[in-house]
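Visitor: Okay, here's the structure, questions in a sec.
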There are 2 protein chains.
Amino acid sequence: MRSDAAFNRQRVLIAGARLLSEQGVEATLNDVAHAAGVGVATVYRNFPNRDALLDALFQAKLDQLIELADHAAGIGDAPAAFDTYLYSVMEAHATDRGVVPVLMRANQSARFAEELAAQLGPRVQPLIVSAQAAGSLRDGFTIQDLCLLSAMVGSVADLTRDTQPALWERYAQMLIDGTRPPA
Amino acid sequence: MRSDAAFNRQRVLIAGARLLSEQGVEATLNDVAHAAGVGVATVYRNFPNRDALLDALFQAKLDQLIELADHAAGIGDAPAAFDTYLYSVMEAHATDRGVVPVLMRANQSARFAEELAAQLGPRVQPLIVSAQAAGSLRDGFTIQDLCLLSAMVGSVADLTRDTQPALWERYAQMLIDGTRPPA
DNA sequence: CACGAAGCGGATGTGGAACTCCGCTTCCGG
DNA sequence: CCGGAAGCGGAGTTCCACATCCGCTTCGTG
């Protein structure tokens, strides 16, 4: 691969990630190409179609969540570690319009679901188990719950972004409260 | 207005409501026209554009929520009345893909926000106040909370409809638990 | 019943976004 | 330093949904 081509591919990925965060999946490939400072054809040369680009960005988002999990795993206190992780994922959903649609493709594509489970599961499951053992998390709580609770926060953030950009935090807190074991 | 024209208008509204429930705002006017058994032009003769049709359907959805509120108001027990209302609104969001986008236009249009507040507020506020007085609902809970909690359930239902159509109930229950006063 | 206005349906126009084609430019091994 | 392969940009094509136009049909009044 020629060096300039590799450089352009990076530019497309970076611009794509930025536009995805800001505008969600609505962003057009024309916009991405323009933002990256390349022509549309260059985008299509690297990614056969729109979905292929999204696939590539999916892995980047996944890496981001993995990093959050690894950071939380470094916290000694089990309840705090879990809470920190859950909150940071919620924050990612709320502030990055690309996370929800990209990750939620897992519901539609077995390949995505597997990759998600394989890469994220081993890191997150211990957080859940430890928090349950410490009594700060209700039994029966699953990774899927974590994904969907975060998606819920994301949807609130989407609806209120224009008028009350910080409101999602209220609901994030409410949901975190809801993860405690029933009294 | 000619009788056949009035009849066709009704057919469009009914078909529009059905498609909105099933497919959400994605439904095309062509589909609506076909489902109603009329031509596209007939739809446009009654509603100058797509938004005008959605406006008309908005009022229908609103009536539906009002009916739910009136039904709940008939329940003597204040906590049960509020819970019933909240759950039934959540159910409406989860099973009718049209409710979220139609109602959430209130966030963008002052007119909708006013109409919503004017028609729904006086019915729902008493439910909230009574439940709070009875100690089953936390202080600071607002109508907006009710709308957004329901929207959250709707978003979960959207994401899981294909694979686990009843999963939204789990989160509905979780959120209702979250409306109790903190221990 | 007859006639004109009101209403009708679908062919057509318009616009925006995904995707392709092609003539020009840039890279890089010999 | 040069030839050609690899890469490039953007004009053009296709597709789909919204919206309009127009010749034909139906209603309902006199």
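The values are calculated or read from the model by the stated rules, or taken from the named source; none is laboratory data. None of the values given here were measured: they were computed from a predicted structure. Every residue, glycine as well, gets a Cβ built from its backbone with ideal geometry; the counts of neighbours run over all protein chains shown. SASA here: full protein model, heavy atoms, side chains in, ligands and nucleic acids out. Shrake-Rupley method; radii C 1.70, N 1.55, O 1.52, S 1.80 Å.
Visitor: I'd like to verify a number: residues in the stretch B:140-157 that are assigned to a helix (DSSP H, G or I) and either over 24 Å from B:Ile66 (Cβ atoms) or more than 19 Å from the chain's Cα centre (by Cα) (or both), how many?
Guide: Residues that pass the stated criteria total 1.
Visitor: Here is a follow-up. Of the conditions (1) closer than 27 Å to A:Ser130 by Cβ; (2) within 16 Å of DNA strand D (Cβ to nearest atom), A:Val40 fails just one. Which one is it?
Guide: Every condition holds for A:Val40 apart from (1).
Visitor: Considering the stretch B:45-64 alone, what residues qualify as being open to solvent by less than 40 Å² (accessible area, probe 1.4 Å), within 16 Å of DNA strand D (Cβ to nearest atom) and part of a helix (DSSP H, G or I)?
Guide: B:Asn46, B:Ala52, B:Leu53, B:Leu54, B:Ala56, B:Leu57, B:Phe58
Visitor: Something else now. Quick one: in the stretch B:25-44, which of the residues that are away from DNA strand C (no atom under 14 Å from the Cβ) and surrounded by 13 or more Cβ atoms within 10 Å (Cβ to Cβ) is farthest from the other protein chains (Cβ to nearest Cβ)?
Guide: Here the residue is B:Ala27.
Visitor: Filter the stretch A:162-183 down to residues that are among the small types (Gly, Ala, Ser), part of a helix (DSSP H, G or I) and facing chain B (nearest Cβ under 8 Å), then give me how many there are.
Guide: In the first step, residues of the stretch A:162-183 are kept if they are among the small types (Gly, Ala, Ser); the result is A:166, A:172, A:178, A:183.
Among the residues that remain, those that are also part of a helix (DSSP H, G or I) are: A:172, A:178.
Imposing the further condition that a residue be facing chain B (nearest Cβ under 8 Å) reduces the set to A:178.
Counting residues in the stretch A:162-183 that are among the small types (Gly, Ala, Ser), part of a helix (DSSP H, G or I) and facing chain B (nearest Cβ under 8 Å) gives 1.
Visitor: Within the stretch B:70-139, which helices (runs of 4 or more DSSP H) (wholly inside it) include 2 or more residues that are open to solvent by 60 Å² or more (accessible area, probe 1.4 Å) and within 30 Å of B:Leu53 (Cβ to Cβ)?
Guide: By residue number, B:78-95, B:110-133.
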